[in-house]
Amino acid sequence: MSQMDNNFITDKEYIRGVIRKSTLSHDHIDEGQPSTDFFAPMDNVQVEFWQKFQANGGKILRCHNRQDRIKYLQMLAQDQQYNVVLNTHNNLCPDLEQSQINYINSVSLNMQIDAVVAMSVFLVARTGSIGFTQPFSRFVSMRNLALDVIVISRMKDIVPDMETALARNFKYTQGAGMEFITPEPLVKENGKEVRTPQKPRYILLLQDDPQPQNT
């Protein structure tokens, strides 16, 4: 098992800590969003997303800061020996350059891509899904691009459900298109996961929320 494989584990102490915090405070949902009374309430959206995403086959690498994120990008590139990495957003260029990853910003038809790096500002707890919006990607769809989809996001981007994500997306982008993708467990052959562009591996580099500065 590689060093990267060892990092794809549930941070149990983190989840316990989040559950303890949730007894003291609860996330508030924006006013005016569609009702979700049909579903049972969630005790904590972060824990719910963490568990659902991994149960669906997604991999999570928890990052305490930007340097952790860059370290994991470097480790992934080395472990997986990526030759071609597709970058979907200009804001990701500094991370890729500091990670010394060769990347391209566009792809021609039928070009073989090893990995795509993308941003998401909506992670859906109820389904363990990733929400991609047009302002955060040059591509209409994040599907069928690469064997690995590396997603950069933050704890504070976890929302309870798709209705909340759509309402917030409309509020901040005036209705830019959205795509929701839920990972699927990969088939294993001889103990190894079989990845294709149609069924890639989703790797989430999930950064902690910034801590308030002492005044």
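Reported count of residues in the range 118-137, each being in contact with a helix residue (DSSP H, G or I) (Cβ under 9 Å, 6 or more places away or on another chain), open to solvent by 10 Å² or more (accessible area, probe 1.4 Å) and modelled with pLDDT under 90, is 3. The set of residues from the range 96-119 being in contact (Cβ under 8 Å) with a residue 40 or more places away in the chain and either assigned to a loop (DSSP other than H, G, I, E, B) or touching a Gly at 6+ places or on another chain (Cβ under 9 Å) (or both) comprises just one member, ILE113. One residue stands out among those in the range 54-76 that are in contact with a helix residue (DSSP H, G or I) (Cβ under 9 Å, 6 or more places away or on another chain) and among the hydrophobic types (A, V, I, L, M, F, W, C): the one that is surrounded by the fewest Cβ atoms within 10 Å (Cβ to Cβ), which is MET75.
Would you pick out the residues in the range 55-86 that are over 20 Å from ILE104 (Cα atoms), in contact (Cβ under 8 Å) with a residue 60 or more places away in the chain and of a type in the set (S, T, N, Q)? Listed by number, the residues that qualify are ASN56, ASN65. State whether one or more residues within the range 97-116 are under 13 Å from LEU145 (Cβ atoms), surrounded by 15 or more Cβ atoms within 10 Å (Cβ to Cβ) and small (Gly, Ala, Ser). Looking through the range 97-116, at least one residue is under 13 Å from LEU145 (Cβ atoms), surrounded by 15 or more Cβ atoms within 10 Å (Cβ to Cβ) and small (Gly, Ala, Ser).
Residue-level check: of (1) at pLDDT 95 or above; (2) in contact with a Pro (Cβ under 8 Å, 6 or more places away or on another chain), LYS59 misses just (2). Taking the conditions (1) open to solvent by 10 Å² or more (accessible area, probe 1.4 Å); (2) among the hydrophobic types (A, V, I, L, M, F, W, C); (3) not in a helix (DSSP H, G or I) in turn, LEU86 satisfies each one other than (1).
If I ask for residues that are of a type in the set (Ser, Thr, Tyr) and either more than 18 Å from the chain's Cα centre (by Cα) or farther than 23 Å from MET75 by Cα (or both), which ones from the range 181-212 would you list?
Hits for the range 181-212 are THR182, THR196.
The values are calculated or read from the model by the stated rules, or taken from the named source; none is laboratory data. In this text, all values refer to a predicted model and were calculated from it rather than measured experimentally. Quick reminder, even Gly has a Cβ in these numbers, built from the backbone with ideal geometry, and neighbours come from all protein chains shown. Ligands, DNA and RNA are excluded from the accessible area calculation, which covers all protein heavy atoms including side chains. Shrake-Rupley method; radii C 1.70, N 1.55, O 1.52, S 1.80 Å.
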